[in-house]
Amino acid sequence: MALPNQLATTPARKFAVTLLAWLAAIGFALPLLWMLAGSFRTGTDIFTNLYPLSWKLFIPTEVTFDNYATLMVGEFGLSVANSIFVTAVTVIVGLLICAMAAFALSILRFRGAAFVFALVVLSFLVPFDAIAVPLANLFRTWNLDNSYLGLILPGLANGFAIFVLRQFFMNIPLELAEAARVDGLGWWGIFWRIYLPLSKPALIGAGFTLFLFQWGAYLWPLMIGTEPSKVLGPIALANLAGQFEVDFGAIFAGAFLLTLVPLILLLIFQRQFTESLASTGTKG
Amino acid sequence: MRNHRTLAAMGIALSATVMLAACTSGSEAGGGDGPVEITMIGADLPEVFAPLIDAFEEENPEITVTYQNVPFDQYNNVLQQRIGGKDAGVDVYLADAGAIGSLATKGFLTDLSEYRDQVEESSLPATVEGNMFDGKLWALPMWTSLQYLYYNKSLLDAAGIAHPSIESDDRATWEDLTTDAKSAQAAGAEWGLLFDQTDRYYQLQALPESKGGGSGATGDDLLTADVTNDGWIESMKWYGSLFEDGVAPRGVETDQMVQLFAGGKAAYFVGGPWSLTPILEADSKVDYGIAPNPMFDGGTPAMPTGSWNIAISPATDALEASKKFIEFASLDAEGNAISAQEVIIPPTNVDSFSDYITKMDGQDAPNTDGMGELTLSELEDSAVNRPNTPGFTQMQDVLGRAFSDIRNGGDVEETLQKAQDELQGLWDRL
C-alpha cells in the first residue's frame, strides 16, 4: 500500500492528501470535541442543542463546572484511582510475564515449544468474553472477587502481546545471544541485558495491548468487582446512569477524564508505538 | 545458577502476593456470632438507597448493609451470572416487576411465602400479585410506578390547542394527540410527542394492550409469543409513524427524551413521576401540566406499572439478617417510605403510599395540582402489569430490539414476525 508521502508527488496531490488527512482527523476528533463540550454543560443543554446541527453543538452556551464537581464527590474519583492502579500493575507485571514467555518461545529450544506457541496463538483467537462467565465463577470460588488481584490476573498473560514480542525477538540476530553465552552470560542476563533493551518499540506496543485490555475492560469488572471500594472507571461511568435519573453532564465529564489517560500516554509514546506497529513481523 | 535463584525469588514473591490477596478477601467474609454484613445489589445510584440503609442500620446496629450498584442495562445479565453462580456475596437484590416468574423458575429467589398474610395486609394488592408465581410469594413489593402525559402549556397555547383533561375518564386518544402534536410543531414546537423509554417493553407494552393486542405472552404458562396480532401491528405502525413523520426524533435514546421536554423543545411527553426531577432541575423550568396516559380510539385504557421488588438470593449465608432488611424496606411503613425518598416514585406499603399521594400535589404546585388524585385513579383503573412469564428476560431483550427497529424505520409486520419467531424459539428451549 502506498504511503501518503509516496502519493503526494505533485503540489496538487500534496494538497489533496493533506486535505484528506485533515478531514479524517476532524472526523475522529468531532465526537471527542462534542464530549468535551458536553462535559461543561447541563444535561438539558446537551440534548436541546442536538437539532438542528449548528455550531452550538460544540460551544456550550453557558459553561458549568458542576459536572466535574459531581464526579469529585461520588465514587468516580476512587474508581479512576483503582483503574490506574490495576492498569499500571497489569502493564508492568504483564509485560514481564509476556516478555519472558516470548523469550522462551523464540530463543530457548525445548520439547513442545511449537505446541506451547500454538496454544498461545489459540488463546488470543478465543474472545475473552466467551470465557469470562465461567472464569468469573471460578474466581469467586477462589475468593478473588472484589479484590485487586482478581481484577488484575486475567489481564497479565496476553496471547497477542506474547505473539508480537516473540516475532520481534526472532528478528534479533541469534549471534548476539550466542556471543553472550560464550562470554558467560546466563539466559536471564541475555534476556534482561540484551533482548529487553533492544526491544523497546515492541515492548511499548505490547504494553499498549495490555493497557487497552485493562483500561477499557467492562464485562470482567462488572462480574468480579462491583464492591464500591473496588469499582473501576468504566463501571463507575455506567453507574452514573440510574434507572430513574441519568446525569448526562457528569457522564460526559467522566468519559472525557477516562479518555484523557490513554490520550496522554499515546501522545508520549506515539513515536515508539507507530514504530512497533511498523516493525513487528516485517523487520529484517 | 544466578538466574535460577532470581527466578525462584520471583516465584516466591508472586505466590506470596497471591496468598496475601486470598487472605485479604477471605477475611471479608466474616462469620461467627459477631456483626453481620449483608450485600444488596440494585441498578440505581448509591445515593438512592443510602437513607434506607442508614435508617435500617440505626435500628439494627449488629447488621451492616453494603450496596453495590450494577448498571441498569446489564442488570438482568449480571443477576443471571452472579445468582446463577451461587455467589454468596449477594444477599439481597432488587427484582424487576415482570421478572419474578423468570427468576423463580431459575431458582434465583428464596421462597418468601411465610410473609404472604403480612404483605397482603401491608401493601397495595396489585403489587403483591406481581410477586406471586406458582402459588408462592417470591419477593416483597417496594415501589410501583405509573406514567403520565406531560404537556408544555406555552407550546400548546401558541398553537391554540386546548390543554388535555386531568380526569382519567376523559383521557386523550393517541390519534388526537398525534394531530395536536403536529399542529404544535407547525406553530413552533421542535418535537411533538416523545416517549421516555423509547425501546423498553415497560413503557411500550401499554400501546398494544390499549389496542386489544395483549401483552405478547399468551397460553397457560405464558410461553406462547403473540406479537403479530392486529392490536400489535396497528399500535406499532402508529408508534413507527411518530418517528417517520418527525413527531419524535430518531437519534435520541431512552432516558434522553425527558431532557428535550425539560428543555422546552417538545409539546407532549409520556413519562413517569421520576421525570419530574429533570423537569424541575432544568436550566429554566418549562410551564407544564399533567394528564392521564392516553389510549387508542375505541380501545381500552392501558398504563404501564410495577417497579422494583426486594428479594433474597438463595445463596445467601445471612438469611435472617437479609429477612430483617427486606421486612424493613417493604412491610415497615417508615422504612418503605424512606426507600422511595430520593426518587419520585410511589412506595407500595399502604400507609407510605397514602402519605406519598398527599404529598404529590405539592411537588411543584400549581403545575402538579391534582397529581395525587390522578395517580390514585390511574393505578386503580388503567394499570397493566407486565406478564409474569418465566421467559420475561428473553421477551424484554427480543422486543426491545424490535421496538428499536420499528423506531428506525423497519417494516412493522416483518419486524414483529421476526421477533415472534425468535422469541418463540427461545421460549421453546426453556
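Applying the condition of being at the interface with chain B (Cβ under 9 Å from one of its Cβ atoms) and part of a helix (DSSP H, G or I) to region A:142-151 and asking which residue is farthest from A:PHE117 (Cα to Cα) yields A:TYR148.
Selection over region A:52-66 of residues that are within 11 Å of chain B (Cβ to nearest Cβ), more than 32 Å from the chain's Cα centre (by Cα) and of a type in the set (Ser, Thr, Tyr) gives a count of 1. Exactly one residue out of B:GLY298, B:GLY306 is of a type outside the set (A, V, I, L, M), surrounded by fewer than 19 Cβ atoms within 10 Å (Cβ to Cβ) and not in a strand (DSSP E or B): that is B:GLY298. Any residue that is touching a Gly at 6+ places or on another chain (Cβ under 7 Å) and either free of Cβ contacts under 8 Å to residues at least 60 places away in the same chain or not in a loop (DSSP other than H, G, I, E, B) (or both) - is there at least one of those in region B:325-332? Yes - at least one qualifying residue is present in region B:325-332.
Screening B:LYS359 against (1) touching a residue at least 24 places away in the same chain (Cβ under 8 Å); (2) assigned to a helix (DSSP H, G or I) leaves a single unmet condition, (1).
When B:LEU423, B:LEU376 are checked against the criterion of being surrounded by 22 or more Cβ atoms within 10 Å (Cβ to Cβ) and not assigned by TED's automatic domain parsing to the domain that holds B:LEU79, B:LEU423 stands alone in meeting it.
The single residue among A:VAL121, A:VAL133, A:VAL80, A:VAL93 that is touching a residue at least 12 places away in the same chain (Cβ under 8 Å), closer than 21 Å to A:GLY249 by Cα and in the same structural domain as A:THR226 (by TED's automatic domain parsing) turns out to be A:VAL80. Scanning region A:152-210 for residues that are among the β-branched types (Val, Ile, Thr) and without any contact (Cβ under 8 Å) to a residue 12 or more places away in the chain yields a total of 1.
Inside region B:370-399, can you point out the residues that are of a type in the set (Gly, Ala, Ser), over 28 Å from B:LEU137 (Cβ atoms) and touching a residue at least 60 places away in the same chain (Cβ under 8 Å)? Walk me through it before giving the result.
Step one: filter region B:370-399 for residues of a type in the set (Gly, Ala, Ser), giving B:370, B:372, B:377, B:382-383, B:391.
Now narrow it down to the ones that are over 28 Å from B:LEU137 (Cβ atoms): B:370, B:372.
Of everything in region B:370-399, just one residue is of a type in the set (Gly, Ala, Ser), over 28 Å from B:LEU137 (Cβ atoms) and touching a residue at least 60 places away in the same chain (Cβ under 8 Å), namely B:GLY370.
Mind checking whether some residue in region A:36-51 is surrounded by fewer than 19 Cβ atoms within 10 Å (Cβ to Cβ), in contact (Cβ under 8 Å) with a residue 24 or more places away in the chain and within 13 Å of chain B (Cβ to nearest Cβ)? No; the residues of region A:36-51 include none that is surrounded by fewer than 19 Cβ atoms within 10 Å (Cβ to Cβ), in contact (Cβ under 8 Å) with a residue 24 or more places away in the chain and within 13 Å of chain B (Cβ to nearest Cβ).
Yes/no matrix, rows are residues, columns are (1) of a type in the set (Asp, Glu); (2) in contact with a Gly (Cβ under 6 Å, 6 or more places away or on another chain); (3) buried (at least 22 other Cβ atoms within 10 Å of the Cβ):
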position	(1), (2), (3)
B:ASP176	yes, no, no
B:THR179	no, no, no
B:ALA186	no, no, no
B:GLY192	no, no, yes
B:THR198	no, no, yes
B:LEU204	no, no, yes
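In region A:238-253, the residue that is surrounded by the fewest Cβ atoms within 10 Å (Cβ to Cβ) out of those that are facing chain B (nearest Cβ under 9 Å) and in contact (Cβ under 8 Å) with a residue 24 or more places away in the chain is A:VAL246. If I filter region B:365-382 for residues that are in contact with a Gly (Cβ under 9 Å, 6 or more places away or on another chain) and under 17 Å from B:VAL128 (Cα atoms), do I get at least one hit? No, because not a single residue in region B:365-382 is in contact with a Gly (Cβ under 9 Å, 6 or more places away or on another chain) and under 17 Å from B:VAL128 (Cα atoms).
The values are calculated or read from the model by the stated rules, or taken from the named source; none is laboratory data. Quick caveat, the model's predicted, so the values are computed rather than measured. Cβ atoms come from the backbone with ideal geometry, glycine included; neighbour counts cover every protein chain shown.
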